[in-house]
Amino acid sequence: MEISFFDSNLFNYLILPFLIFIARVGDVTIGTIRIILVSKGKKYIAPILGFFEVLIWILAISRIMQNLDNYINYIAYAGGFAAGNYVGMILEEKIAMGVLIVRIITPKPADILVEKLIAMGCGVTNVDARGSKEHVQVIYTVIHRNDLQNIVDVIKHYNPHAFYSVEDVRYVNEGVFPVRKSLLGKTPNGSAFRRWRKGK
C-alpha cells in the first residue's frame with residue numbers, strides 16, 4: 001500500500017513540526033505586539049491582531065491534537081513560543097511605538113543641556129529642587145520613543161553623571177516634539193518644532 005506524502009515520516013517528523021514552530025512564532029509575536037498596543041490604549045488595532053493570533057493558534061494546536069504521539073511537535077510548539085516572545089520584543093523595539101517621559105536629575109548646572117534639548121525640538125520643563133545632599137536641577141521632557149537614543153546620547157555628552165529615568169506614557173494631550181524630516185530633508189512649515197495633540 002502506497003503511503004501518501006502527508007502520512008510519510010518526512011512530513012510528520014520534519015515538515016509538520018517546522019510548520020507548527022513557524023505558526024507558534026507568528027501567533028506569539030502577534031500576541032506580544034497586541035499586549036503592547038493594549039497597554040498603549042490602541043483599542044482598534046489590538047482586537048484585529050487578537051483575531052489572527054487565536055486563528056493561528058487554533059491551527060497549530062489542532063495539528064498537535066491530531067498527532068499526540070509525535071513528541072517532536074511538542075518541542076516545536078514550545079520552541080515556537082519561546083522564539084515568538086523574543087521576536088515580538090525585537091519587533092516592538094524596531095517599531096518604537098508610543099511616547100516616553102524622560103526625567104533628568106543633575107547636581108551640575110544643566111543650562112547647556114536644556115538649551116541643547118530645546119534646540120533639538122524637545123519640550124522641556126526645568127525645575128530647581130533639593131536633593132538628599134545638595135541642590136539639583138530636574139528636567140522633564142516628553143519624547144517619541146524612537147528619539148530616546150538621541151536624547152540619551154545628549155545627556156551623556158553634556159551631563160555624563162546625571163541621573164535619568166524613562167517611563168512609558170499612555171496618553172498625551174499636548175506637547176512639543178522634534179519634527180520628522182521629509183524625504184527631501186525639509187521640515188513642514190519651515191519650523192524646527194511642532195505642537196502635538198493626542199486625545200484618548
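Pairs K108/K156; K94/K116; K40/K94; K42/K116: which are spaced more than 22 Å apart, C-alpha to C-alpha? Listed pairs above 22 Å: K94/K116; K42/K116. Taking 7 Å steps out from each Cα toward its Cβ at K108 and Y74 produces label points 5.8 nm apart. Protection proxy ranking, highest mean first, for peptides 122-131, 142-151: 142-151, 122-131, where packing is the per-residue count of other beta-carbon atoms within 10 Å, averaged.
For the stretch 117-149, list residues with backbone N below 20 Å from a point placed 7 Å from the Cα of F163 toward its Cβ? Answer for this model: 125-142.
Read-outs: derived from the displayed coordinates by stated rules, not from any lab. All values reported here derive from a predicted model rather than from experimental measurement. Heads up, the Cβs are rebuilt from the backbone with ideal geometry, glycines too, and the neighbour counts pull from every protein chain shown.
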